[in-house]
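Peer 1: Here it is: the structure, laid out below.
Any read-out appearing in this document is the output of simple, stated calculations on the displayed coordinates, not a laboratory observation. Just so it is clear, the model here is predicted, and its values are computed rather than measured. Cβ atoms come from the backbone with ideal geometry, glycine included; neighbour counts cover every protein chain shown.
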Amino acid sequence: MSDFKVNKTIAQINERIAEGNAVVVTAEEVIDIAKKDGIVAAAEKVDVVTTGTFAPMCSSGAFINIGQSKPVVRTTRTLFNDVLAYSGVAAVDCYLGATQVIEDDPLNSIHPGEFNYGGAHVIQDLVAGKKIEIKAQSYGTDCYPNREIKKYVRLTDLPNAMLCNPRNAYQNYNCAINRSDKIKYTYMGTLKPNMGNANFCSAGELSPLLNDPYFKTIGVGTRIFLGGGQGYVTWTGTQHKSNVERGLNGVPLAPSGTIAVQGDLKQMTPEWLVGQSIRGYGTSLSIGLGIPIPILNEEILKYTAVSDDQLFTQIVDYAYDYPAGISNSYGRISYKELKSGQITIKGKTVPTVPLSSMVKARKVADLLKKSIQNARFFLTQPVQMFD
């Protein structure tokens with residue numbers, strides 16, 4: 001028998017959603033509700049808490065079937081607008097990675113000052129309905145005699161296209177600084193010398209995995225908001241870690257959990273899949289991702305009610321420590337301080353720069369909230385939970 005005073009099931013919550021009676025609030029709104037009513041009363045009242053984030057997520061890409069030719073072909077090399085996709089799959093299937101950059105110009109050496117174009121931009125162009133040039137080659141076989149194809153297609157012309165991301169929605173991440181006397185160009189953005197700025201990438205109290213620190217509700221099969229459509233959690237993401245130091249309510253104090261996600265690219269929109277060019281690094285894909293947290297009991301409610309002033313991350317020097325693989329930290333800082341615009345490190349005031357958009361994160365959480373309230377989005381029971 002459960003020790004909790006509040007006990008709900010996902011099936012019961014889905015019934016309330018279908019009836020239009022579910023109480024759905026965002027991860028920002030639940031904080032005030034918990035303060036006003038208390039954890040148990042809030043858990044009795046609230047059925048679902050919606051989360052959201054919009055930020056660069058490098059470990060992303062799409063499995064794409066480009067369609068067969070006549071005579072048929074098994075591609076061994078495929079390019080989308082001169083961006084190379086991995087073709088060692090089968091026939092005309094390939095995987096286009098978000099961080100794969102256009103051929104022969106990985107860091108804008110040919111066109112300095114112009115933005116990088118890569119797999120992330122191809123994905124955005126596809127969901128925007130633009131025509132994409134596909135060039136593919138093969139060495140030819142008896143069963144697949146064709147050796148070369150070239151065509152222009154839109155997303156609607158492709159038989160299949162699945163966004164398939166091995167690592168998204170990091171559960172906390174570093175605050176990056178540069179203590180050297182030279183500019184450093186990183187995936188965390190441009191870092192000015194002598195701690196001229198501090199870059200961070202998290203929606204804080206809205207961040208999906210920070211609202212379920214022990215993965216009590218998120219697992220294989222969890223339905224999510226992904227790229228403007230609906231997708232699913234398919235497994236833990238690469239670099240997933242659970243054995244980390246934790247703070248209040250079990251929230252990790254350093255990068256830890258991640259999720260692998262998948263969804264139909266044809267359902268998605270260019271507002272929520274945006275190609276990014278990061279100077280000196282390459283390309284990445286900013287993704288709108290939101291996860292509904294079912295409030296099954298007061299423990300789950302307590303996790304969702306943690307606010308920015310209670311969420312901390314580590315400060316890491318990307319000039320010396322990060323490249324060397326050293327986990328040295330220059331202290332911890334709360335997301336409330338990071339979002340204020342400046343922090344203090346070793347007595348120096350340092351301006352902060354978010355790589356994630358709070359405006360977009362709020363919009364994701366709100367869109368997900370409205371979809372549930374209007375019975376267009378139902379919760380799923382995970383078929384397997386994570387460690």
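Peer 1: Sequence-distant or interchain residues sharing an amide H contact under 5 Å with A198, placed H: which?
Peer 2: T352, V353
Peer 1: Normalising by the residue count of the chain, find the relative contact order in percent from Cα pairs under 8 Å and 6+ residues apart.
Peer 2: 25
Peer 1: Mind checking the full-extension length gain between K35 and K151? Use 0.36 nm per residue of separation minus the Cα-Cα distance, one decimal, nm.
Peer 2: Computed gain between K35 and K151 is 35.9 nm.
Peer 1: Further question: Taking neighbour Cβ counts within 10 Å as the exposure measure, how do M195, M385, M268 sort from fewest upward?
Peer 2: M385, M195, M268
Peer 1: Amide H of W235: which non-local residues (sequence gap of 5 or more, or other chain) have their own amide H closer than 5 Å, using H built in the peptide plane?
Peer 2: The answer is A260.
Peer 1: In segment 61-163, with Lys and Arg counted as +1 and Asp and Glu as -1 at Cβ, which of these residues, Y117, N160, A85, has the Cα nearest the positive end of the dipole, that is, farthest along it?
Peer 2: N160
Peer 1: Now a separate question. Can you give the longest stretch of the chain with no exposed loop site, where a site means GluC sites (Glu not before Pro) in a DSSP loop (not H, G, I, E or B) with at most 15 other C-beta atoms within 10 Å?
Peer 2: My reading of the result: 115-244 is the longest stretch.
Peer 1: Project the alpha carbons of the chain onto their principal axes and report the range along each, largest first, in whole Å.
Peer 2: Principal-axis extents of the Cα atoms in the chain, largest first: 68, 58, 31 Å.
Peer 1: Rounded if a/c is under 1.5, else prolate if a/b is larger than b/c, else oblate: which is segment 198-311, with a ≥ b ≥ c the root eigenvalues of its Cα gyration tensor?
Peer 2: Note, shape of segment 198-311 comes out oblate.
Peer 1: Taking the Cα centre as origin and putting +1 on Lys and Arg beta-carbons and -1 on Asp and Glu beta-carbons, what dipole magnitude results for the chain, to the nearest 20 debye?
Peer 2: 420
Peer 1: Please report D104, D309 as a ranked list, fewest other C-beta atoms within 10 angstrom at the top and most at the bottom.
Peer 2: Ranking D104, D309 by Cβ neighbours within 10 Å, fewest first, gives D104, D309.
Peer 1: Who wins for biggest fluctuation among L248, L355, L338 in a Gaussian network model of the chain, springs between alpha carbons below 10 Å?
Peer 2: Largest GNM mean-square fluctuation: L248.
Peer 1: Pop the C-beta distance of R376 and N328 into the FRET formula with R0 = 45 Å and round what comes out to the nearest 0.05.
Peer 2: With R0 = 45 Å, the Cβ-Cβ based efficiency is 0.45.
Peer 1: Rounded to whole Hz and in sequence order, give me ³J(HN,Hα) for segment 258-263 from the Karplus expression 6.51 cos²θ - 1.76 cosθ + 1.60, θ = phi - 60°, writing x for Gly and Pro.
Peer 2: 9, 10, 8, 9, 8, x
Peer 1: Run the numbers on segment 61-163 and let me know its relative contact order in percent, using alpha-carbon pairs under 8 Å that are six or more apart.
Peer 2: 36
Peer 1: Show the residues, 5+ positions off or on another chain, whose built amide H is closer than 5 Å to the amide H of T50.
Peer 2: V25, T26, A27, I293
Peer 1: Measure nothing fancy, just the Cα-based angle from helix 10-19's long axis to the longest principal axis of the chain, in degrees from 0 to 90, nearest 10.
Peer 2: 90
Peer 1: How large is the helix-only mean residue ellipticity at 222 nm for the chain, computed as the sum of -39500 (n - 2.57) over DSSP H runs with n ≥ 4, divided by its residue count, in deg cm²/dmol to the nearest 500?
Peer 2: -4500 deg cm²/dmol
Peer 1: For segment 121-134, take each phi angle, set θ = phi - 60°, evaluate the Karplus expression 6.51 cos²θ - 1.76 cosθ + 1.60, and give the result in whole Hz per residue in order, putting x for glycine and proline.
Peer 2: 6, 4, 4, 5, 4, 4, 5, 7, x, 7, 6, 10, 7, 10
Peer 1: Which entries of K45/K360; K182/K241; K45/K370 show an alpha-carbon separation above 23 angstrom in the structure shown?
Peer 2: Violating the 23 Å Cα-Cα cut-off are K45/K360; K182/K241.
Peer 1: Still on this structure, please answer the following. Using the Karplus curve 6.51 cos²θ - 1.76 cosθ + 1.60 with θ = phi - 60°, what ³J(HN,Hα) values do you get for each residue of segment 380-387, in whole Hz, with x for Gly and Pro?
Peer 2: 10, 7, x, 8, 8, 8, 9, 6
Peer 1: So how do H121, H240 line up by other beta-carbon neighbours within 10 Å, fewest first?
Peer 2: Fewest-to-most Cβ neighbours within 10 Å comes out as H240, H121.
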